[in-house]
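To keep things clear, I will list the structure first and then write my remarks on it.
The values are calculated or read from the model by the stated rules, or taken from the named source; none is laboratory data. Keep in mind that this is a model prediction, so the values were computed, not measured. Please note: Cβ atoms are built from the backbone with ideal geometry, for glycine as well, and neighbour counts cover all protein chains shown. Heavy atoms of the whole protein, side chains included, go into the accessibility calculation; ligands, DNA and RNA do not. Shrake-Rupley method; radii C 1.70, N 1.55, O 1.52, S 1.80 Å.
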Amino acid sequence: MKNAKAKRTRNNVIVHIILAILAAIWVFPIFWVILTSFRAEKGSYVSTFFPKAYTLANYKKLFTDTTILNFPRMFTNTLIIAVFSCILSTFFVLSVAYCLSKLRFKYRKTYMNMAMILGLFPGFMSMVAVYFILKTLRLTEGSLIPVALILCYSGGAALSFQIAKGFFDTIPAAIDEAAMIDGCTHWQVFTKITLPLSRPIIVYTILTSFIAPWVDFIFAKVICRANADQYTVAIGLWKMLEKEYIDNWYTRFAAGAVLISIPIAALFMYLQKYYVDGLTGGVKG
């Protein structure tokens, strides 16, 4: 008994040490970026890990020095695009997932097989075709660029229905049948019964739908091109590392990297309680 307990304790210590090392490796880059964002010394190369002097000027100049790179406008552009893309994508994903999970119709399995095959190919493979389609619709110039990006991010979102469908499959069909007997339509079953029971997957879908446009660079760069007033934060941070800007903007780049993580963290912290409540409700049911 003592030998088994000692062995179990030793294994737990080893596991915790490994987890601590992995956690340190994961946190290290984040810690370095935060330190760099407060560094007073300019430039991308320094001789010490810890800054010799700390300052808040990098954050201040990021919002006040807009003569070359207008970070506040980029932040606003990205927030608008991410919010609208998140709303549309969440609706598309959950609607398609519900239809494929609860309804039976012709070519249902054919669509799921096609979606699975298309999902094997990365989205940026279609960016040239998508760009020329949007150009034909005159959505690649001026103030219509955000509309083009929203269409890019939300248009194909329904192909990512698999996870939500798997969750809807776990909801007993008897609940839907009882509601239909009581006179509910499919829309009422979806909005008043299925969605309230599906908070965890709704939270997951909202987070992924928001993060994707928030951090995307490829589609944003292709569609925005030289329209600096429509840049997103991903393009802005990339521009800060170009040769002509990197000396003065490198520490501001780190400050920008810290700032763009705040909306994602805030969204996750806000939705976390609904995620937990949804799991608890699902267990009780």
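Counting only pairs 8 or more residues apart or on different chains, how many lysine pairs in the range 1-158 have their Cα atoms under 30 Å apart?
Within the range 1-158, the lysine pair count is 5.
State the extension gain, in nm to one decimal, for the chain segment bounded by Ala24 and Thr191, taking 0.36 nm per residue of separation less the distance between their alpha-carbons.
Result for the pair: 55.8 nm of gain on full extension.
Note down the Stokes-Einstein diffusion coefficient of the range 81-227 in µm²/s, whole number, using a Kirkwood radius over alpha carbon pairs, 4 °C, and 1.567 mPa s.
Estimated diffusion coefficient is 77 µm²/s.
Go ahead and collect, in residue order, the members of the range 56-77 whose backbone nitrogen is under 19 Å from a label point 7 Å along the Cα-Cβ direction of Asn248.
What the label zone holds, given the 19 Å backbone N cut-off, is 56-74.
Per the 1.4 Å probe, what fraction of the accessible area of the chain, in percent, lies on carbon and sulfur atoms?
Accessible surface attributable to carbon and sulfur in the chain totals 70 percent.
Kindly point out which whole DSSP H helices in the chain project their C-alpha atoms 20 angstrom or further along the helix axis while averaging a Kyte-Doolittle hydropathy of -0.5 or above.
On the way: long enough: 2-37 (52 Å, 0.95); 71-102 (45 Å, 1.43); 199-215 (24 Å, 1.34); 246-284 (57 Å, 0.63).
Those that clear 20 Å and a mean of -0.5 are 2-37, 71-102, 199-215, 246-284.
At a temperature of 20 °C and a viscosity of 1.002 mPa s, determine how fast the range 110-190 diffuses translationally according to Stokes-Einstein, using the Kirkwood radius over alpha-carbon pairs as Rh; express D in µm²/s, rounded to the nearest whole number.
135
Cα atoms only: what Rg and Dmax, in Å, come out for the chain?
When restricted to Cα atoms, the chain yields Rg and Dmax of 23.9, 76 Å.
May I ask for the distance between the Cα centers of the range 117-181 and the range 190-208, given as a whole number of Å?
17
Roughly how many Å² is the accessible area per residue of the chain, as a whole number, for a 1.4 Å probe?
Per residue, the chain has 61 Å² of solvent-accessible surface.
On average, how much area does the Cα convex hull of the range 44-149 cover when viewed from any direction, in nm²? Write down the numbers at each step before the final one.
Values: hull surface 49.4 nm².
Orientation-averaged projected area of the Cα hull: 12.4 nm².
Rounded to the nearest 0.05, what FRET efficiency do Glu141 and Thr67 give with R0 = 22 Å and r taken as the Cβ-Cβ distance? Could you check?
0.40
What share of Cα pairs, in percent, lie more than 17 angstrom apart in the range 27-100? Could you put the intermediate results ahead of the total?
Details: 1754 of 2701 pairs.
Percent of Cα pairs beyond 17 Å in the range 27-100: 65.
Ratio of alpha-carbon Rg to the 2.2 N^0.38 Å globular estimate for the range 149-237, to two decimals, please.
1.53
Just subtract the alpha-carbon distance of Gln272 and Glu41 from 0.36 nm times their residue separation and send over the number in nm, one decimal.
Stretched fully, the Gln272-Glu41 segment lengthens by 79.3 nm.
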